[in-house]
1. Can you tell me how many residues within region 133-150 are farther than 24 Å from His66 by Cα and either touching a helix residue (DSSP H, G or I) at 6+ places or on another chain (Cβ under 9 Å) or surrounded by fewer than 19 Cβ atoms within 10 Å (Cβ to Cβ) (or both)?
2. Tell me which residues, restricted to region 33-67, are modelled with pLDDT under 90, touching a Phe, Trp or Tyr at 6+ places or on another chain (Cβ under 7 Å) and over 22 Å from Ser152 (Cα atoms).
3. Just to be sure I understand, how many residues within region 67-85 are under 8 Å from the mean Cα position of the chain (by Cα), open to solvent by less than 20 Å² (accessible area, probe 1.4 Å) and not hydrophobic (A, V, I, L, M, F, W, C)?
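The values are calculated or read from the model by the stated rules, or taken from the named source; none is laboratory data. These numbers come from a predicted model, not from an experiment. Quick reminder, even Gly has a Cβ in these numbers, built from the backbone with ideal geometry, and neighbours come from all protein chains shown. Areas reflect the complete protein model, heavy atoms only, side chains present, ligands, DNA and RNA absent. Shrake-Rupley method; radii C 1.70, N 1.55, O 1.52, S 1.80 Å.
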Amino acid sequence: HKFITAAGGTAGANFTFSEKVTIDTDGLKFNGDTAAANAISDYEEGYWSPTALDGLPITTNNTGNHPSRRYVKIGKIVFAYFDFTFGNQFNAFGARFGGLPIAVASGTGHGANASTNGYTTKGQEYFLHVSGTTPAIFKSNGTQFTHNEVSSNRFAGCIIYSTD
């Protein structure tokens, strides 16, 4: 079975409908589209916590079900918000953290890079590269931050990536 909503037209004898949303066994489809490949069949939301890696401690700046720890998955796209401060760990290892709520898509060209809009007390732009569930933090010049450089600094933002 399918459920269709319709809207449009004018009142009276000339009333017409145009399909806007269809819900069927493939999922949610819009504007008369019938292709199963275009259906949104997955939606999920919840809360996650970035995790420490390589001995570099992390303190989340908000606990519990706080918006800065929220994630939303729509189809194959994930939005994961974060806000944490690295602890003190002084060495030259590359800075990264773990615990993304859903793994990044596998295979070539499927979202191994993530887009980040964020804030840091470092006072400079940064971006993330994600492999599996492990984002690595890079400077805008393309070199990875080290533990020395991120110690005691806050990083907040939203990671946008694709999943399988």
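1. 9
2. Residues satisfying the conditions are Asn65, Pro67.
3. So the answer is 1.
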